[in-house]
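The values are calculated or read from the model by the stated rules, or taken from the named source; none is laboratory data. These numbers were taken from a predicted model, which means no experiment stands behind them. Here the Cβ is made from the backbone with ideal geometry for all residues, glycine too, and neighbour counts use every protein chain on show. Areas reflect the complete protein model, heavy atoms only, side chains present, ligands, DNA and RNA absent. Shrake-Rupley method; radii C 1.70, N 1.55, O 1.52, S 1.80 Å.
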Amino acid sequence: WQFGRFNQVLGNIGENKRLGRMALWWKRLVAVGLILSIFAVALVINPKGKKTVLTFGMFAGNQWDVPDDNCYKIIDEAIEEFEKEYPNVEIKYDSGILKDDYSEWISEKALEGELPDVFMVLPEDFNTFSSVGILKNLDSLIAEDDDFKKSAYYKSSFQAGEFENSQYALPYESVPTLMFVNKTLLKKEGIPVPDSQWKWDDFYRICKKVTKDTDRDGKIDQFGVYDYGWEDAVYSNGGKLFNKSGTECNLTMDSVENAILFAKKIHQLSGYQNPTSNDFDTGKIAFRPMKFSEFRAYKPYPWKINKYFEFEWDCIRLPAGNEGENQSVVDHLLMGISSKTKHSRLAWKFLKKLSYQKEIQQKLFSYSKGVSVLKSVTNSKTAEKILVKDMGKDTGVKVKLLDEVMRQADETSKFRGYDTVIQYIDSEMNQIMLKDENFDEDILKIKRVADKMLNE
């Protein structure tokens, strides 16, 4: 009996081993099948190891029209990283396209059906490209991406890529306007540098005090401000130039009219004797609104050899109107995806890398003249260290100031035909600044023409 039982146990062990070998064999067979299936799918998607080509559209230099020798550096480094992450992807772009030729180049590409998968979008083109279907609507891609948070962006930067309540582009770089202050001139006149909460009344009072004929030859040769425009005043007075739908111009609204009148009042301080950039460069002007990009370009070598070496300077926010806050204009460079792309998800991943990845956005402070569109990047110690190294310890630009200006910025109205209408209004405003009468009639006339243009 014991011998029989022993044989039975051995038999069971043998059967278990046989079943184990069969199970192992089936597992191996399934694994091989999976590998072959994946390989077959890969061959269909990418036959014979051929790489997927993603095209990118960009222009040389920068949007802000200041010296930029590193216009390709950030993009090239981003492409190199992306191609390492996705070995079967190759990104190509045409180099040497000037900004002045870029809009025409992109438009021709669209007509030929050869739009880049991802491309830079100038602000003057965004409204048109969104409305005629050149840009892909990004809403679904954003909704499907759990890693993407709109709140990471400055509100005004993100909204710059919005058209008719949908997102058609992501911001890549922003440039706010700051108020440049000649500290030396103010000190000579016994005037402290205003804080960032200053008002129109403070601005006018200081400008009036410093505007004078210093050499007594009968001509004003020292001025309060250079290049302060009516739009600067409108933004800082809480004004909106157009209604949200873009069908009506708001020039006759109190907040807008009062802003234009204030800009006119400031302009009259010089006795209609227009100061020049040379007056500013030689230290004869107290204030000048200036884009941050220009501010940065003026400070480092070789610009510093010729400019601003005879006076100290600082930067603050623009003065607030009676009905507004210390807001200023913020310009944006956008990037979008072609509505005809065959690689939507890859294009979205590359667009995100440029616009949303902190490491790439951080490089804007090193290689470009703009500000990152991400709050965590602009308001960081790393960004401040880069600015100090680039512009010197005496610079008045601190990341805290940039962060405040970017957070305070308001979105601009966007609709098809916006750029044409604003150019017309600006041209007419130049004439209003020179006239002493018929203000209400002139404003009403400009509004009527603008409204007609908006509804054609």
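Per-structure values
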| quantity | calculated |
| --- | --- |
| Residue under evaluation Ala60, criteria (1) under 19 Å from the mean Cα position of the chain (by Cα); (2) open to solvent by less than 20 Å² (accessible area, probe 1.4 Å); (3) modelled with pLDDT of 85 or more, criterion not met | (2) |
| Residue, nearest to Lys136 (Cα to Cα), within segment 76-118, restricted to residues that are of a type in the set (A, V, I, L, M, F, W, C) and in a strand (DSSP E or B) | Val118 |
| Selection count where residues are modelled with pLDDT of 90 or more and not aliphatic (A, V, I, L, M), scope segment 243-259 | 8 |
| Enumeration of residues in segment 268-292 that are part of a helix (DSSP H, G or I) and either within 24 Å of Phe311 (Cα to Cα) or aliphatic (A, V, I, L, M) (or both) | Ser277, Asn278, Asp279, Phe280, Asp281, Phe292 |
| Qualifying positions in segment 347-367 - open to solvent by 10 Å² or more (accessible area, probe 1.4 Å), over 25 Å from Thr128 (Cα atoms) and in contact with a strand residue (DSSP E or B) (Cβ under 8 Å, 6 or more places away or on another chain) | Lys358 |
| Tally of residues being modelled with pLDDT of 95 or more and either of a type in the set (Gly, Ala, Ser) or assigned to a strand (DSSP E or B) (or both) across segment 162-172 | 6 |
| Ile337 vs. criteria modelled with pLDDT of 85 or more and touching a helix residue (DSSP H, G or I) at 6+ places or on another chain (Cβ under 7 Å) | yes |
| Qualifying position, being farther than 30 Å from Asp117 by Cα, of a type in the set (A, V, I, L, M) and either open to solvent by 40 Å² or more (accessible area, probe 1.4 Å) or touching a Pro at 6+ places or on another chain (Cβ under 6 Å) (or both), among Val330, Val405 | Val405 |
| First in segment 161-179 and of a type in the set (A, V, I, L, M), second anywhere and open to solvent by less than 10 Å² (accessible area, probe 1.4 Å) and part of a loop (DSSP other than H, G, I, E, B), Cβ under 6 Å, 6 or more apart | Ala169/Gly161; Leu170/Gly161; Val175/Gly370; Met179/Leu318 |
| Output for segment 137-170, where each listed residue is farther than 19 Å from Val329 by Cα, within 18 Å of the chain's Cα centre (by Cα) and open to solvent by 60 Å² or more (accessible area, probe 1.4 Å) | Lys149, Lys150, Ser151 |
| Some residue of segment 236-257 being touching a residue at least 24 places away in the same chain (Cβ under 8 Å), open to solvent by 60 Å² or more (accessible area, probe 1.4 Å) and not in a loop (DSSP other than H, G, I, E, B) | yes |
| Neighbours by Cβ (under 8 Å, 6+ apart or cross-chain): first from segment 86-100, within 18 Å of Lys51 (Cβ to Cβ); second of a type in the set (S, T, N, Q) | Asn88/Asn46; Asn88/Thr52; Val89/Thr52; Glu90/Thr52; Ile91/Thr55; Lys92/Thr55; Tyr93/Thr55 |
| Single condition Asp426 does not satisfy, out of (1) touching a residue at least 40 places away in the same chain (Cβ under 8 Å); (2) surrounded by 15 or more Cβ atoms within 10 Å (Cβ to Cβ) | (2) |
| Yes/no for Gln357 being closer than 29 Å to Ser166 by Cβ and either of a type in the set (Gly, Ala, Ser) or at pLDDT 95 or above (or both) | yes |
| Test: residue in segment 176-184 that is outside any loop (DSSP other than H, G, I, E, B), open to solvent by 20 Å² or more (accessible area, probe 1.4 Å), at negative phi and not small (Gly, Ala, Ser) | yes |
| Members of segment 211-234 that are charged (D, E, K, R), under 15 Å from Lys284 (Cα atoms) and touching a helix residue (DSSP H, G or I) at 6+ places or on another chain (Cβ under 9 Å) | Asp221, Asp227 |
| Elements of type helices (runs of 4 or more DSSP H) in segment 349-456, at least 1 residues being under 23 Å from Ile337 (Cβ atoms) | 358-367, 375-378, 418-432 |
| Condition met for Lys208 (open to solvent by 30 Å² or more (accessible area, probe 1.4 Å), under 27 Å from Ile260 (Cβ atoms) and in contact with a strand residue (DSSP E or B) (Cβ under 6 Å, 6 or more places away or on another chain)) | no |
| So Phe126, is it in a loop (DSSP other than H, G, I, E, B) and either within 16 Å of Arg345 (Cβ to Cβ) or among the aromatic types (Phe, Trp, Tyr) (or both) | no |
